[in-house]
Structure formats: structure tokens, C-alpha cells
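Asker: Let me give you the structure first, and then I'll get to my questions.
The values are calculated or read from the model by the stated rules, or taken from the named source; none is laboratory data. These numbers come from a predicted model, not from an experiment. Every residue, glycine among them, receives a Cβ derived from its backbone with ideal geometry; neighbour counts consider all protein chains shown. Please note that ligands, DNA and RNA were not included when accessible areas were found on the heavy atoms of the full protein model with its side chains. Shrake-Rupley method; radii C 1.70, N 1.55, O 1.52, S 1.80 Å.
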Amino acid sequence: MSLTPREKLLIMYRESNRAERLKIASKLGFTGKPESKLRSLRRLLKTELTQTQKFNVTSYFKPYVTQENFEESWEGETPPFTLDGNFVISSYGIGIFLDQSSQSWEVRELYITPKYSQGSQTSNNIRTVFTIFQETIDELFINPKGAYEVYGISFDKRGFQPLLREASNELNEEFQVPGGITQPIGAFLRPTSIRIVDKKPKPFTNARQFPKRKRKERENYINRAYGQLTKEGGRLNEFKTLD
């Protein structure tokens, strides 16, 4: 699933220093004093997610975590969004589990979603939503369901192979990504309610587009710049697999 221009711009902004952010602001057409350009850039990044929209937040988490660092999966930052209604974060990826019956380690596909039917597992505060998701990851490691133990998990393509290599080295076994992975890999901020149309769930849409004025020029710049920054040798190359 390709990233939207807004998702790309947020990564570019978050991973840039002041000088790099000023360059981005200038390329997007903002003028004036440095502080004014930065305020305009931050204003462009802000939006409200409605009950029909989702947002890719994979880059706000470590590429993979194990028993050694699972409590630090979330890097601590959040997108500059407000939420119209209750949201959760759902993710899809892989996990390495010690099977209860066979007592052997195996790689499984993995869905992680807080039990949002419980009122305490959802929120309209974005920081609370991220905290709940981190607590759900904690619970997966502390009290695994359907497994005796969890070695590690990843819902980011860039973390798959490093996780499998680390597990192979430590457990002296060979591991591979399981076949049949068809869902979009990643972590997604989404509403708790699902719209049903003609008895079928209606897919969520992307976050609101940028304002119409200069939208095309700005999106073209973001797509070009992100492509350059994430190519081999680029300073954001680690995020290439997200797009």
C-alpha cells in the first residue's frame, strides 16, 4: 500500500532538522521569515481524522521488537492530528511464537488490535490511542494467547528480515516469512466504527488532502523528494519499504 503525500511529508518533517525543514517549507511555496515558514509547514501537516478515514502510522514504531525491548515499540511521537470520534490502531505483520502443543518455534501472521468493544480500549485523544496500542503489545508478550512464549514481532517490512535473522542466531533455527500474507502490512490509525453499505463493510479512505491551492505542485514535490530521500544512500532509506 503506497503512502499518501501527507504520510510522506510527515515522515520527512519528523526526520529532519531545522535547516532541512526550512528547505521543505520553501519547496512547498512558503515564504517569509524562517519561523513564519515553519509555522505554515506545521499548519499544512495538521488535520482532523473523521470516522471514515485512516492513516498509516507504521513509522511511529520500531521496525521490530523482541522480549528485550517490546515495551519500547512506540517511539513516543504522534501525528499532529485531532480525532473526530473514537479511534484505535490496528496492525498486521508477523510474530515468532513458541507453540504450546509442539513446543517448537514458528513464524505466524499476526493481527494486533485492542479490544475496542471495551470502552477503556479506545479514545478520541491521539496520544491515548497510541498508549493503548503499546499496552496491547505489552500484553501480547506478557500473556500470549495460543502460544507458550513470544520471541518477537514486526508489522513493518523493514523489520521482517532483521527479526528473523536475530531469532535464527539466538535459537539456532531457520525462519522464513510465512506464505499467504495478503493484507497491507503496517500499523493503521482507524475509527472503531465500520460503515456498512449494502451489507458490506465500506473501506476507510485516506486522510483529507491538502488544500486545493497549490495541491498538485506540492504533492508532486513531496513524491519526488521522498523518492530521492528513500533511495539507496538517501538519509531516509530505512523508510523506503513503507511506500
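Asker: Would you mind stating whether ASN206 is modelled with pLDDT under 95, over 15 Å from GLU20 (Cβ atoms) and either of a type outside the set (A, V, I, L, M, F, W, C) or touching an Asp or Glu at 6+ places or on another chain (Cβ under 6 Å) (or both)?
Answerer: Details: modelled with pLDDT under 95: yes; over 15 Å from GLU20 (Cβ atoms): yes; either of a type outside the set (A, V, I, L, M, F, W, C) or touching an Asp or Glu at 6+ places or on another chain (Cβ under 6 Å) (or both): yes.
Criteria met by ASN206.
Asker: Could you grab me the full set of residues in the range 22-31 that are open to solvent by 60 Å² or more (accessible area, probe 1.4 Å) and part of a loop (DSSP other than H, G, I, E, B)? I'd like the intermediate steps shown before the answer.
Answerer: The first filter runs over the range 22-31 and keeps only residues open to solvent by 60 Å² or more (accessible area, probe 1.4 Å), leaving 23, 27, 31.
Hit for the range 22-31 is THR31, nothing else.
Asker: Right, another one. Within the range 207-229, identify whether any single residue is open to solvent by 70 Å² or more (accessible area, probe 1.4 Å), within 18 Å of the chain's Cα centre (by Cα) and in contact (Cβ under 8 Å) with a residue 40 or more places away in the chain, and answer yes or no.
Answerer: First, pick out the residues of the range 207-229 that are open to solvent by 70 Å² or more (accessible area, probe 1.4 Å): 208-209, 211-214, 216-217, 224, 228.
From what is left, the residues that are within 18 Å of the chain's Cα centre (by Cα) are 208.
Adding the requirement that they be in contact (Cβ under 8 Å) with a residue 40 or more places away in the chain leaves 208.
Yes, the range 207-229 contains a residue that is open to solvent by 70 Å² or more (accessible area, probe 1.4 Å), within 18 Å of the chain's Cα centre (by Cα) and in contact (Cβ under 8 Å) with a residue 40 or more places away in the chain.
Asker: Just checking, how many residues over the range 152-187 are under 22 Å from ILE89 (Cα atoms) and touching a helix residue (DSSP H, G or I) at 6+ places or on another chain (Cβ under 8 Å)?
Answerer: Residues flagged as under 22 Å from ILE89 (Cα atoms) and touching a helix residue (DSSP H, G or I) at 6+ places or on another chain (Cβ under 8 Å) within the range 152-187 amount to 10.
Asker: Take the residues in the range 130-147 that are among the aliphatic types (A, V, I, L, M) and under 21 Å from the mean Cα position of the chain (by Cα); name whichever of them is surrounded by the most Cβ atoms within 10 Å (Cβ to Cβ). So that I can check it myself, show each step before the final result.
Answerer: At the first step, the residues of the range 130-147 found to be among the aliphatic types (A, V, I, L, M) are 132, 137, 140, 142, 147.
Next, only the ones that are under 21 Å from the mean Cα position of the chain (by Cα) stay: 132, 137, 140.
On the way: ILE132: 20, ILE137: 23, LEU140: 18.
That would be ILE137.
Asker: Next up: For the range 180-200, which residues satisfy the criterion of being assigned to a strand (DSSP E or B) and open to solvent by 90 Å² or more (accessible area, probe 1.4 Å)? Don't jump to the end; show me each part of the working.
Answerer: Applying the first criterion (assigned to a strand (DSSP E or B)) to the range 180-200 yields 186-191, 196-197, 200.
Listed by number, the residues that qualify are ILE196, LYS200.
Asker: Could you figure out which of (1) in a loop (DSSP other than H, G, I, E, B); (2) in contact (Cβ under 8 Å) with a residue 40 or more places away in the chain; (3) open to solvent by less than 80 Å² (accessible area, probe 1.4 Å) isn't true of PHE239?
Answerer: Of (1) in a loop (DSSP other than H, G, I, E, B); (2) in contact (Cβ under 8 Å) with a residue 40 or more places away in the chain; (3) open to solvent by less than 80 Å² (accessible area, probe 1.4 Å), only one is false for PHE239: (1).
Asker: Suppose we filter the range 88-119 for residues that are charged (D, E, K, R), closer than 21 Å to GLU166 by Cβ and not in a strand (DSSP E or B); how many remain? Working first, answer last.
Answerer: Narrowing the range 88-119 to residues charged (D, E, K, R): 99, 106, 108-109, 115.
Now narrow it down to the ones that are closer than 21 Å to GLU166 by Cβ: 99, 106, 108-109.
With the extra rule that they be not in a strand (DSSP E or B), the set shrinks to 99.
So the answer is 1.
Asker: Right, VAL150: open to solvent by less than 30 Å² (accessible area, probe 1.4 Å), part of a strand (DSSP E or B) and under 23 Å from PRO63 (Cβ atoms) or not?
Answerer: Working: open to solvent by less than 30 Å² (accessible area, probe 1.4 Å): yes; part of a strand (DSSP E or B): yes; under 23 Å from PRO63 (Cβ atoms): yes.
Here the answer is yes, as VAL150 does meet what is asked.
Asker: Okay, moving on. Scan the range 57-109 for residues that are within 16 Å of ASP138 (Cβ to Cβ) and charged (D, E, K, R) and jot them down.
Answerer: LYS62, GLU68, GLU71, GLU72, GLU75
Asker: Scanning the range 88-129 for residues that are hydrophobic (A, V, I, L, M, F, W, C) and more than 17 Å from the chain's Cα centre (by Cα), which turns out surrounded by the most Cβ atoms within 10 Å (Cβ to Cβ)?
Answerer: First, pick out the residues of the range 88-129 that are hydrophobic (A, V, I, L, M, F, W, C): 88-89, 94, 96-98, 105, 107, 110, 112, 126, 129.
Restricting the remaining residues to those that are more than 17 Å from the chain's Cα centre (by Cα) gives 96-98, 105, 107.
Values: ILE96: 26, PHE97: 23, LEU98: 16, TRP105: 18, VAL107: 19.
Once the filter is applied, the top-ranked residue is ILE96.
Asker: Given the residues PHE175, PHE204, which is the only one that is aromatic (Phe, Trp, Tyr) and open to solvent by less than 40 Å² (accessible area, probe 1.4 Å)? Can you show your working first?
Answerer: Details: PHE204 fails: open to solvent by less than 40 Å² (accessible area, probe 1.4 Å).
Criteria check complete, one pass: PHE175.
Asker: Another question, then. Filter the range 7-21 for residues that are in a helix (DSSP H, G or I) and over 13 Å from the mean Cα position of the chain (by Cα); which is surrounded by the most Cβ atoms within 10 Å (Cβ to Cβ)? Walk me through it before giving the result.
Answerer: Start the filter on the range 7-21 by keeping residues that are in a helix (DSSP H, G or I), which leaves 7-14, 18-21.
Next, only the ones that are over 13 Å from the mean Cα position of the chain (by Cα) stay: 9, 12-14, 18-21.
Details: LEU9: 24, MET12: 21, TYR13: 18, ARG14: 15, ARG18: 9, ALA19: 9, GLU20: 14, ARG21: 19.
Out of the qualifying residues, it is LEU9.
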